[in-house]
Amino acid sequence: MNVQVSQDGLFSLSEINPILFDLLREIVLCASSSDPRAEARFYPSPVEGNDIPELREDWSSLVQPELQAAFQQARDVVQADLRNASETDEGFAFQIPRHHADAWMSALNQARLAIAEEHQLTEDDLNENVLPAISGQREMILLQMNFYAFLQEWLVQMAE
Amino acid sequence: MATAGTTKTETREKISLDAPWNVVVHNDPVNLMSYVALVFRRVFGFARERAEKHMLEVHNQGRSIVWTGSREKAELYVQQLHSYLLLATIEKAPPA
């Protein structure tokens, strides 16, 4: 995969292996998870334990819909960028305008959090420095998590 | 009786809202350390060193009090942190 950043802040990704491009396409799918564990992680309580029940209720009725809309908006931006991808002999290519970077960071984070919840990944799983050989679904999931983390880390550095 | 009761409730509520509240960020295994520090810089306007200090506190101690002040503002900060998918809560600050 080749990444270039132009002076006007356009990120151009090219020569993307089809397998990695499939993983990129899965960002929105994973981030849109309806798994109750992912849902609980996306919309946590603003208080620990049973403190301030009225705030918890307000949060569910007022804040959660706003967050849902914001997360959906980020996923829509990512999907639109990927829809504009082209395929060449060297692989797939697409661009991320700088003002879409926050949407990408959000969608990647949503996807990583949802995958971690659905597959009950631990801190040890995620901190493995050496990727295991891909011999099953779990290794594939770890590869996906690492790929998304790499992209998110890169976007964070670009945002600095 | 009803009127007096209402007055008491309103007074307690006022005291509760005026007391300082902490914004606490909790550790989770997924969020990247660099991302958490970036969010602190954006939401609170922290300098890089302060953002990284709080990020490391979250990572090493499981939680960090990142801001203390009025409840209304604390709730707004928690909402912003949730929009970045950080685990954040408010709690009443212990009396000084």
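Overview of results
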read-out	value
Tabulated pairs, region A:34-46, first facing another protein chain (nearest Cβ under 8 Å), second basic (Lys, Arg) and in a helix (DSSP H, G or I), C-beta under 8 angstrom, 6+ apart or interchain	A:Ser45/A:Arg56; A:Pro46/A:Arg56
Yes/no for A:Leu55 being within 14 Å of chain B (Cβ to nearest Cβ) and more than 20 Å from B:Asp28 (Cβ to Cβ)	yes
Enumeration of residues in region A:80-131 that are of a type in the set (A, V, I, L, M, F, W, C), within 30 Å of A:Ala69 (Cβ to Cβ) and more than 14 Å from chain B (Cβ to nearest Cβ)	A:Ala80, A:Leu82, A:Ala85, A:Phe92, A:Phe94, A:Ile96
Residue within region A:75-88 that is surrounded by fewer than 18 Cβ atoms within 10 Å (Cβ to Cβ), of a type in the set (A, V, I, L, M, F, W, C) and within 24 Å of B:Lys92 (Cα to Cα) present	no
Search result, residues across region B:67-94 that are more than 8 Å from chain A (Cβ to nearest Cβ) and touching a residue at least 40 places away in the same chain (Cβ under 8 Å)	B:Trp67, B:Thr68, B:Gly69, B:Ser70, B:Arg71, B:Glu72, B:Ala74, B:Tyr77, B:Leu81, B:Leu86, B:Lys92, B:Ala93
Within region A:67-160, helices (runs of 4 or more DSSP H) holding 2 or more residues that are within 13 Å of the chain's Cα centre (by Cα) and without any contact (Cβ under 8 Å) to a residue 12 or more places away in the chain	A:137-159
Search result, residues across region B:48-66 that are basic (Lys, Arg) and within 12 Å of another protein chain (Cβ to nearest Cβ)	B:Arg48, B:Arg63
Some residue of region B:35-47 being more than 9 Å from chain A (Cβ to nearest Cβ), assigned to a loop (DSSP other than H, G, I, E, B) and either on the phi < 0 side of the Ramachandran plot or buried (at least 17 other Cβ atoms within 10 Å of the Cβ) (or both)	yes
Residues (hydrophobic (A, V, I, L, M, F, W, C) and on the phi > 0 side of the Ramachandran plot) located in region A:2-60	A:Ile52
Region B:65-79, residues that are modelled with pLDDT of 95 or more, crowded, with 16+ Cβ neighbours inside 10 Å and either part of a helix (DSSP H, G or I) or more than 9 Å from the chain's Cα centre (by Cα) (or both)	B:Ala74, B:Glu75, B:Tyr77, B:Val78, B:Gln79
Matching residues in region A:32-54 - criterion: being closer than 11 Å to A:Glu118 by Cα and surrounded by 12 or more Cβ atoms within 10 Å (Cβ to Cβ)	A:Ser33, A:Asp35, A:Arg37, A:Ala38, A:Glu39, A:Arg41
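The values are calculated or read from the model by the stated rules, or taken from the named source; none is laboratory data. The shown structure was predicted, so the numbers you read here are calculated from the model rather than taken from an experiment. Every residue, glycine among them, receives a Cβ derived from its backbone with ideal geometry; neighbour counts consider all protein chains shown.
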